Amino acid sequence: MSSDVHAFEAHATDADLAELRARLAATRLPEAETVGGDRRWDQGVPLADLADVVDYWRTGYDWRSFEERLNRIGQFRTTVDGLGIHFLHRRSARADATPLIVTHGWPGSVAEFADVVDELADPADPDAPAFHVVAPSLPGFGYSDKPATTGWGTEKIAAAWVQLMGRLGYREFLAHGGDWGGNITTVLGGRFPEHVLGIHSTFAEGPPGLSMDGLTAAERRWAEDTRHFWRHRAAYAKQQATRPQTIGYSLVDSPAGLLAWILDKFAEWSDTGDSPFETISRDRILDDVTLYWLTRSGASAARIYYESHNSLDPGLRVDVPSAITMYPRDIEKCPHPWARERYRRIVRWNEAGRGGHFPSLEVPGYFVEDLRAGLAAVLAAGR
């Protein structure tokens, strides 16, 4: 590795953890929602659910255990274009391993990958592909620095990832992402084909203005559901794209407010009937939320919407081999014919049977197998 890369360990102070528990104990809650039954989530996180998680966060959750997991994987920092970037780096013991950068989105973090990194790097099956896994924290997220000026949108982040991988000795690499990570992975494949061997994504976005003519009935439903989401369920994105500083005060000052803002998305975007805890444990969600809290990144993370909302270049095309997986309860599902207009060498298209926006947390075993299969197809296709 380059001398510009430095080892890093996560360690919150006892005072910070005590302050968090004190703030949780002093939480002021509103009255209960005015809907119930099957509609109890219609107005957001129900009071009883939030109160239960707030109590568990204060009395039962163990942040130190998550810190140990991150430190065991291997954490590092480097500076790119004046900004400190944090990342997990798990090298495989296998001589045939391929470098892979995996990028999270919002309201995610590197916590999304903590449970799958080891299996990707050193699979139990000797016939499964192995990877040197790099999982960076987006600028303004987690232990990465917070940009002090504008300009850190997805195009600049993708270019920074190329520099980061080069410093680790990986001139050529694979890329995976979902949500904002999927957008950045698209930019990586489209802008840097000389470095990117191929991509795997759970987020595909066709060029704008494509016709629904010729789509199957299921593909039409996908397109209509995505349009409905952006018209009726995306107030969070509009808020963060236009007024991230305003919502940021609440997210940095109130742990219960931060929890509600993020838990709402885990509930709405997961493949569950009622609560996100049907598939994701409270501990895994609190790993993510606590990371936001301790790093005071509620406002800085929200700014990725200000920098990049609706910014994917309409003319960008991806000609490196691409594998794309659509999960049934994700918030955006792109019809295959539309995806082909941007990703012009789709070597594997998969429609998962279950899972939502957070597959590495909801269905981690399936996620790992699908990612392996997709990247194996990418590598077999070559450039």
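Tabulated values for the structure
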item	result
Complete set of residues in the stretch 95-129 that are among the charged types (D, E, K, R) and free of Cβ contacts under 8 Å to residues at least 24 places away in the same chain	Asp125, Asp127
Qualifying residue in the stretch 6-23 (condition: more than 27 Å from the chain's Cα centre (by Cα), acidic (Asp, Glu), outside any helix (DSSP H, G or I) and at pLDDT 95 or above)	no
Test: residue in the stretch 53-69 that is out of contact with any Pro (no Cβ under 7 Å at 6 or more places or on another chain), closer than 30 Å to Gly273 by Cβ and aliphatic (A, V, I, L, M)	yes
Near pairs, Cβ below 8 angstrom, 6+ apart or cross-chain, from the stretch 226-245 (touching a residue at least 12 places away in the same chain (Cβ under 8 Å)) to any residue that is in a loop (DSSP other than H, G, I, E, B) and among the basic types (Lys, Arg)	Thr226/Lys333
Residue within the stretch 325-332 that is touching a Lys or Arg at 6+ places or on another chain (Cβ under 7 Å), of a type outside the set (Ser, Thr, Tyr) and at pLDDT 95 or above present	yes
Contacts under 7 angstrom Cβ, first residue in the stretch 201-219 being of a type in the set (Gly, Ala, Ser), partner outside any helix (DSSP H, G or I) and surrounded by 14 or more Cβ atoms within 10 Å (Cβ to Cβ), 6 or more apart	Ser201/His176; Ser201/Gly177; Ser201/Gly178; Ser201/Ile324; Ala204/Ile324; Ala204/Cys334; Ala204/Tyr343; Gly206/Cys334
Failed item in (1) under 30 Å from Ala12 (Cβ atoms); (2) within 17 Å of the chain's Cα centre (by Cα), with Leu294 passing the rest	(2)
The stretch 98-111, residues that are under 18 Å from Leu164 (Cβ atoms) and either touching a His at 6+ places or on another chain (Cβ under 6 Å) or surrounded by 24 or more Cβ atoms within 10 Å (Cβ to Cβ) (or both)	Pro99, Leu100, Ile101, Val102, Thr103, His104, Ser109, Val110
Any chance Glu119 is under 20 Å from Val289 (Cβ atoms) and assigned to a helix (DSSP H, G or I)	no
Leading residue by the ranking (farthest from Gly74 (Cα to Cα)) among those in the stretch 133-178 that are part of a helix (DSSP H, G or I), under 19 Å from the mean Cα position of the chain (by Cα) and not β-branched (Val, Ile, Thr)	Glu155
Candidates Arg340, Arg344, filtered to the one that is of a type outside the set (Ser, Thr, Tyr), under 20 Å from Met212 (Cβ atoms) and surrounded by fewer than 18 Cβ atoms within 10 Å (Cβ to Cβ)	Arg340
Only one of Arg58, Arg21, Arg77, Arg39 that is out of contact with any helix residue (DSSP H, G or I) (no Cβ under 8 Å at 6 or more places or on another chain), without any contact (Cβ under 8 Å) to a residue 60 or more places away in the chain and basic (Lys, Arg)	Arg39
Selection from the stretch 72-87 of residues that are farther than 21 Å from Glu155 by Cα, in a strand (DSSP E or B) and touching a Leu at 6+ places or on another chain (Cβ under 7 Å)	Gln75
Count - residues of the stretch 295-311 that are assigned to a loop (DSSP other than H, G, I, E, B) and modelled with pLDDT of 95 or more	3
Residues of the stretch 139-192 satisfying the condition of being under 13 Å from His104 (Cβ atoms) and among the charged types (D, E, K, R)	Asp179
Selected residue (only one of Leu291, Leu312 is touching a residue at least 60 places away in the same chain (Cβ under 8 Å), closer than 23 Å to His176 by Cβ and buried (at least 22 other Cβ atoms within 10 Å of the Cβ))	Leu291
Which numbered condition Pro208 fails, given (1) closer than 28 Å to Thr150 by Cβ; (2) within 20 Å of the chain's Cα centre (by Cα)	(2)
Considering residues of the stretch 315-337 that are surrounded by fewer than 23 Cβ atoms within 10 Å (Cβ to Cβ) and among the hydrophobic types (A, V, I, L, M, F, W, C) only, the residue farthest from Pro107 (Cα to Cα)	Leu316
Members of the stretch 367-383 found to be touching a residue at least 60 places away in the same chain (Cβ under 8 Å) and part of a helix (DSSP H, G or I), listed by number	Phe367, Val368, Leu371, Arg372, Gly374, Leu375, Ala376, Val378, Leu379, Ala381
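Results for (1) within 14 Å of Trp222 (Cβ to Cβ); (2) in a loop (DSSP other than H, G, I, E, B), shown as yes or no for each residue.
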residue	(1), (2)
Trp293	no, no
Asp313	no, yes
Val320	no, yes
Arg329	yes, yes
Lys333	yes, yes
Ala339	yes, no
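The values are calculated or read from the model by the stated rules, or taken from the named source; none is laboratory data. These numbers come from a predicted model, not from an experiment. Every residue, glycine among them, receives a Cβ derived from its backbone with ideal geometry; neighbour counts consider all protein chains shown.
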